[in-house]
Amino acid sequence: MSRSIRLFTFAAPSRFYWLTGKLLPWLWATAALSAIAGLYMGFFVAPTDATQGDAYRIIFVHVPAAWMSMLLYLVMAGWAVFGWAANARLASMVARALAPTGAMFTFLALWTGALWGKPTWGTWWVWDARLTSELILLFLYLGYMALVESIDDVRRADHAGALLALIGAINVPVIYFSVKWWNTLHQGATISMTAAPKMAATMLNAMLLMTVAFWAYSFAVVFMRTRAIVLERERQAQWVIDMALKAQEASK
Amino acid sequence: MSAGVFMLVAGRDLKLAGRRRFEALLPVVFFIVAASLFPLGVGPEPQILRQIAPGVVWVCALLAAMLSLNTLFASDHQDGSLEQMLLSRHSTVLIAAGKALAHWVLTGLPLILAAPVLGVLFDMRSDAILIMVAGLILGTPVLSLLGSIGAALTLGLRSGGVLILLLVLPLSIPVLIFGAGAVGMVDSGLSPAGHLSLLGALLLLSLVAAPPAAAAALRISVS
């Protein structure tokens, strides 16, 4: 057997399981270290904001969480549709594993947004465009998870979820702009790729560190969930049976 | 021949609904009953009622349109005729579109006809009622088209009824915003043309995109 690595080498569930097993400790370490560094920088090093005082420090969790929530939906839709179109089982499993993490980040962004809104706007919640579309994003995640969970047939569940995620992804810009025209209060985006950042360097660094932490966490937790799904779906496969027997031997 | 199947499927569903007339009227009855609850809950002040009327009518229309969705494919799925339709050489897209048309005639159209009555109950101005009806004419087909996707995806599932709501309601938020927004524009003395144009754009988009999506969903659910 040749040992060369091709593009789809790790699309085989067994090899994916092996590879992610090696990667997981590194991902968790990266997530933990950058989270500690980012939180330290954000809460102790970064200067107090001139107008918002210390309340703004929630930004170091809020903004990366909001980024992840939107990114993960697109990634989920991408893998789901790829799994549907190319009939790639592992892609569908990854899509399914992504949904709870994406929903968690959406919820985190909403929650931290409420904590930030109370001292700065004087209210937990306003029906503003960005908040509302983030809430709708949470509904889209919940809809995907509910649909996928309520279909017993694995294949049908994967494909139906892919179609729903695709429609959701097409709808996200429509929803965003319709809600935007409807009402707007949220401050504009502070960080953009084209303009110079309008915040202190330490604040930016802390936020980027937190973003790295959230990325690493997402990879780690999605891999772990995918590994569990792989084991569940491949329980008839010889490599899973062998591994289970080996684990049983070791525990004796 | 190929376009004929579209009218044939729609006509068949309408004929079947004609045999159960009261059942076909349930969505519009729900629409009126649900909307009548709001004055009882909010209070009878005409000023407040006039202000909340467009939103109430649109939300109730949304819910009424969703209510009858789980029967869209269900009976055909149960007796196996849906499978035969999919196996036939006719385009699944046209079959899905015909089903959506039948759903709109059975729920959307009665809602449009009943909406002015609710407008009067809520003390709306006549020009506001006119724009609300115009918005409903453009918006309710979008609800039927989006709903046909949801109904196809949840075909035969135990939790189908509630699940459709969870899947379709977030997607129909733009319709609600522009539909109720158009009436709001009239109330504040502005032109509703922009909102109605956007509703028209949503209608065109869903006319093109929804039947293929519903057809794909049917293939996923039945295969």
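Would you please name the residue that is nearest to the other protein chains (Cβ to nearest Cβ), looking only at residues in segment B:199-213 that are farther than 17 Å from B:Ser91 by Cα, open to solvent by less than 40 Å² (accessible area, probe 1.4 Å) and among the aliphatic types (A, V, I, L, M)?
Going through the qualifying residues, I end up with B:Leu202.
The selection criterion, being part of a helix (DSSP H, G or I), under 16 Å from B:Leu146 (Cβ atoms) and open to solvent by 20 Å² or more (accessible area, probe 1.4 Å), holds for B:Trp104. Determine which member of the set A:Ala35, A:Ala97 is assigned to a helix (DSSP H, G or I), out of contact with any Ser or Thr (no Cβ under 6 Å at 6 or more places or on another chain) and at pLDDT 90 or above. Only one candidate passes the filter, namely A:Ala35.
Has segment B:70-85 got at least one residue that is over 30 Å from B:Gly119 (Cβ atoms), touching a Gly at 6+ places or on another chain (Cβ under 7 Å) and modelled with pLDDT of 85 or more? Yes; the residues of segment B:70-85 include at least one that is over 30 Å from B:Gly119 (Cβ atoms), touching a Gly at 6+ places or on another chain (Cβ under 7 Å) and modelled with pLDDT of 85 or more.
Considered as a group, the residues in segment A:185-224 that are farther than 23 Å from A:Phe43 by Cα and surrounded by 12 or more Cβ atoms within 10 Å (Cβ to Cβ) include one that is modelled with the lowest pLDDT, and that residue is A:Leu185.
Quick test for you: out of A:Leu142, A:Leu138, A:Leu108, A:Leu131, pick the one residue that is over 19 Å from A:Val221 (Cβ atoms) and either of a type outside the set (Lys, Arg) or open to solvent by less than 40 Å² (accessible area, probe 1.4 Å) (or both). It would help to see each step written out before you state the result.
Details: A:Leu142 fails: over 19 Å from A:Val221 (Cβ atoms); A:Leu138 fails: over 19 Å from A:Val221 (Cβ atoms); A:Leu108 fails: over 19 Å from A:Val221 (Cβ atoms).
Answer to the selection: A:Leu131.
Remark: A:Val148 matches the filter, which requires a residue to be more than 9 Å from chain B (Cβ to nearest Cβ), closer than 23 Å to A:Ala85 by Cβ and open to solvent by less than 20 Å² (accessible area, probe 1.4 Å). Considering (1) in a helix (DSSP H, G or I); (2) open to solvent by less than 90 Å² (accessible area, probe 1.4 Å), the lone condition that A:Pro47 does not fulfil carries the number (1). The set of residues in segment A:50-84 that are over 20 Å from A:Leu110 (Cα atoms), buried (at least 20 other Cβ atoms within 10 Å of the Cβ) and small (Gly, Ala, Ser) comprises A:Ala77, A:Ala80, A:Gly83.
Yes or no, residue by residue, for (1) more than 10 Å from every other protein chain (Cβ to nearest Cβ); (2) crowded, with 23+ Cβ neighbours inside 10 Å; (3) free of Cβ contacts under 8 Å to residues at least 60 places away in the same chain; (4) closer than 16 Å to B:Lys99 by Cα:
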site: B:Thr154; (1), (2), (3), (4): no, yes, no, yes
site: B:Leu165; (1), (2), (3), (4): no, no, no, no
site: B:Leu176; (1), (2), (3), (4): no, no, no, no
site: B:Ser191; (1), (2), (3), (4): yes, no, yes, no
site: B:Ser197; (1), (2), (3), (4): yes, no, yes, no
site: B:Ala215; (1), (2), (3), (4): yes, no, no, yes
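The values are calculated or read from the model by the stated rules, or taken from the named source; none is laboratory data. These figures come from a predicted structure and were not determined experimentally. All Cβ positions, glycine included, derive from the backbone under ideal geometry; neighbour counts span all protein chains shown. Side chains are part of the model used for accessible areas, which takes the heavy atoms of the whole protein and leaves out ligands, DNA and RNA. Shrake-Rupley method; radii C 1.70, N 1.55, O 1.52, S 1.80 Å.
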